[in-house]
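*Asks:* Please find one structure pasted underneath; my questions will follow.
The values are calculated or read from the model by the stated rules, or taken from the named source; none is laboratory data. Predicted, not measured: the structure shown is a model, and the values here were computed from it. Note that we place each Cβ from the backbone using ideal geometry, even for glycine, and neighbour counts take in every protein chain shown. We work out accessible area using only protein heavy atoms, side chains counted, and drop any ligands, DNA or RNA first. Shrake-Rupley method; radii C 1.70, N 1.55, O 1.52, S 1.80 Å.
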Amino acid sequence: MTFSIKEMAQKARIASRQLAKLTSVKKNAVLHSIADNLESMTDSILAANKKDVEAGRQADLAESMLDRLTLDTAAIANIADAVRQIAAQDDPVGSIRDIRRQASGIEVGKMRIPLGVVAMIYESRPNVTIDAAALCFKAGNAVVLRGGKEALHSNLALAECIKAALQEHNVDPNVVVVVPDPDRAIMNELMTLNEEIDLIIPRGGEGLIRFVSENSRIPVIQHYKGVCHLYVDSAADEAKALGLLQNGKTQRTGVCNALETLLVHKDIAPSFLPMAAAMLAEHKVRVHACEQSIDYFDGAEAATDEDWDAEYLALEIAVRVVDTFDDAVAHLEQYSSGHTEVIATQDYSRAQQFIRSVNSAVVMANASSRFSDGGELGLGAEIGISTSKLHAYGPMGAESLTTEKFIVLGDGHIRQ
């Protein structure tokens with residue numbers, strides 16, 4: 001297949017100027033058409049996805065990647081629902097805040113504007129094709145979507161839903177560009193197009209994200225891995241804490257908001273850890289335990305320093321007993337990946353102290369780490385999760401895909 005990624009990006013840049021001028025009503029109409037097309041084209045999408053899944057099994061893809069790759073009717077319905085939720089949100093573009101009169105008499109405020117052109121580089125996640133397109137479109141950005149070879153058929157089938165909606169509403173089709181060839185050389189060239197593309201967001205394994213971050217000439221939103229922690233405080237409700245552990249670790253293991261480390265205060269460990277051990281054994285979870293906790297688990301392995309950094313993405317967890325609340329926070333300061341941390345406690349002041357002390361992108365009290373997701377946090381969907389603090393932090397929705405410009409209102413004012 002012969003095409004020029006630079007020409008595709010240049011066309012996206014031109015199309016982004018038209019998109020930036022579209023009304024909210026027009027953008028929402030397109031988004032609703034995309035959602036409708038997803039539902040009406042479900043059979044063709046599933047047929048394409050089946051090819052990718054079969055090829056993935058033959059290529060011995062990891063179960064976590066196959067889990068992210070696989071679509072079914074319910075998954076497509078959920079993706080369509082997410083698009084409708086994005087359409088229902090307020091349009092961030094054009095909103096103005098903080099208008100203040102200065103001593104000179106001028107009025108100064110800030111207005112939200114699109115970034116311009118966003119590029120997505122992602123693996124084994126066909127839902128990203130729709131989520132990224134919908135969020136970028138809502139925020140007035142053109143988007144270049146470069147998925148991995150393992151999801152190529154799925155991505156192209158999903159792209160047809162977008163293409164048909166844009167055509168129906170007479171919108172330049174180049175506002176959403178799906179790269180039809182997953183060749184690595186094309187991705188490498190894409191990362192050099194700093195005049196055409198304003199931001200790159202990689203989603204996938206740590207290796208992909210590090211490669212993009214180290215080789216891109218374009219600013220990159222980084223999220224290397226999700227080492228999410230649950231800290232069970234001495235004042236925890238043990239039944240609730242056990243539910244948080246079970247949901248966070250066993251509901252879906254191959255996602256970045258799954259729990260990877262359990263920290264337990266020493267005062268509650270004698271009563272809580274036997275319950276945790278029984279539940280984890282029932283779910284066949286492999287345990288890497290510290291010296292103080294290992295005797296509570298049958299067949300547990302001694303935890304090493306590498307386990308505190310590990311993102312298992314499997315039925316596997318590291319367990320550590322800590323002497324104090326401060327020791328739990330110190331562990332997070334050393335080993336957190338900046339994704340999501342949870343405290344289980346019935347002590348309100350302790351929960352507030354945890355929220356203030358821990359600076360990961362999402363910090364929770366008595367709620368499952370599985371809620372660390374754009375849809376669950378009210379964003380409709382997410383284009384990615386940023387664990388670096390510039391310019392966004394945490395799950396990114398439409399507003400995170402905009403920036404602000406200063407606006408100045410005067411009446412012939414001149415500077416003295």
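*Asks:* Students often get this wrong, so try it: which of (1) 170; (2) 204; (3) 135 is volume of the Cα convex hull per residue in Å³ as calculated from the structure shown?
*Replies:* (1)
*Asks:* If I take R0 = 25 Å and measure r between the Cβ atoms of M279 and R356 in this structure, what FRET efficiency does the formula 1/(1 + (r/R0)^6) give, to the nearest 0.05? Let's see the in-between values first.
*Replies:* Working: r = 30 Å, r/R0 = 1.22.
That gives a FRET efficiency of 0.25.
*Asks:* Once you place label points 7 Å from the Cα toward the Cβ at D326 and D305, how far apart are they in nm?
*Replies:* 2.4
*Asks:* Using 0.36 nm per residue, how much length does the chain from R84 to A103 gain when fully extended, once their Cα-Cα distance is taken away? Mind showing how you got there, number by number?
*Replies:* Working: separation 19, 0.36 × 19 = 6.84 nm, distance 4.50 nm.
Computed gain between R84 and A103 is 2.3 nm.
*Asks:* How much area per residue is accessible in region 182-252 when the probe is 1.4 Å and only protein heavy atoms are counted (Å²)?
*Replies:* Numbers: 2820 Å² over 71 residues.
Normalised by residue count, the accessible surface of region 182-252 is 40 Å².
*Asks:* Compute the long axis of helix 348-357 from its Cα atoms, compare it with the longest principal axis of the Cα atoms of the chain, and write down the angle in degrees, 0 to 90, nearest 10.
*Replies:* Helix 348-357 sits at roughly 60 degrees to that axis.
*Asks:* I would also like to ask the following. Would you calculate a helix-derived [θ] at 222 nm for the chain, using -39,500 (n - 2.57) for each DSSP H run of n ≥ 4 and dividing by the full residue count, to the nearest 500?
*Replies:* Details: 14 runs with 171 residues, N = 416.
Only helices count here, giving -13000 deg cm²/dmol.
*Asks:* Another one. Working out 0.36 nm times the residue gap between S213 and S40, then minus their Cα-Cα distance, what length gain in nm do you get to one decimal?
*Replies:* Values: separation 173, 0.36 × 173 = 62.28 nm, distance 3.79 nm.
Stretched out fully, the S213 to S40 stretch lengthens by 58.5 nm.
*Asks:* How many percent of DSSP beta bridges within the chain run antiparallel, rounded to 5?
*Replies:* Working: 14 of 52 bridges.
That works out to approximately 25 percent antiparallel.
*Asks:* Is any residue of region 62-97 close enough, with backbone N under 13 Å, to a label point placed 7 angstrom from the Cα of L409 along the Cα-Cβ axis, and if so, which?
*Replies:* Counting only backbone N, you get 96-97.
*Asks:* Among K21/K225; K149/K405; K138/K405; K51/K163; K27/K110, which pairs are too far apart, with a Cα-Cα distance over 28 Å?
*Replies:* Working: K21/K225 36 Å; K149/K405 38 Å; K138/K405 18 Å; K51/K163 21 Å; K27/K110 23 Å.
The pairs that break the limit, which is 28 Å between Cα atoms, are K21/K225; K149/K405.
*Asks:* What's the FRET efficiency of S4 with K240 using the Cβ-Cβ distance as r and R₀ = 60 Å, to the nearest 0.05?
*Replies:* 0.60
*Asks:* Now a separate question. With a Förster radius of 22 Å, plug the Cβ-Cβ distance of K110 and N194 into 1/(1 + (r/R0)^6) and report the FRET value to the nearest 0.05. Don't skip to the answer; put the middle values down first.
*Replies:* On the way: r = 25 Å, r/R0 = 1.15.
About 0.30, to the nearest 0.05.
*Asks:* Where in region 235-269 is the amide nitrogen less than 14 Å from a point lying 7 Å along the Cα-to-Cβ axis of A314?
*Replies:* Only 253-255 fall inside the zone, counting backbone N under 14 Å.
*Asks:* D98: net charge of surrounding residues, Cβ under 15 Å, Lys/Arg +1, Asp/Glu -1, itself excluded?
*Replies:* Details: positive: R97, R100, R101, K110, R112, K405; negative: E107, E404.
Net charge in that neighbourhood comes out at +4.
*Asks:* Also, I was wondering about something else. With all protein chains present, how much of the accessible area of region 131-212 (probe radius 1.4 Å) comes from carbon and sulfur, to the nearest whole percent? If you can, show how the numbers build up before the last one.
*Replies:* Working: 1230 of 2700 Å².
Carbon and sulfur atoms account for 46 percent of the accessible area of region 131-212.
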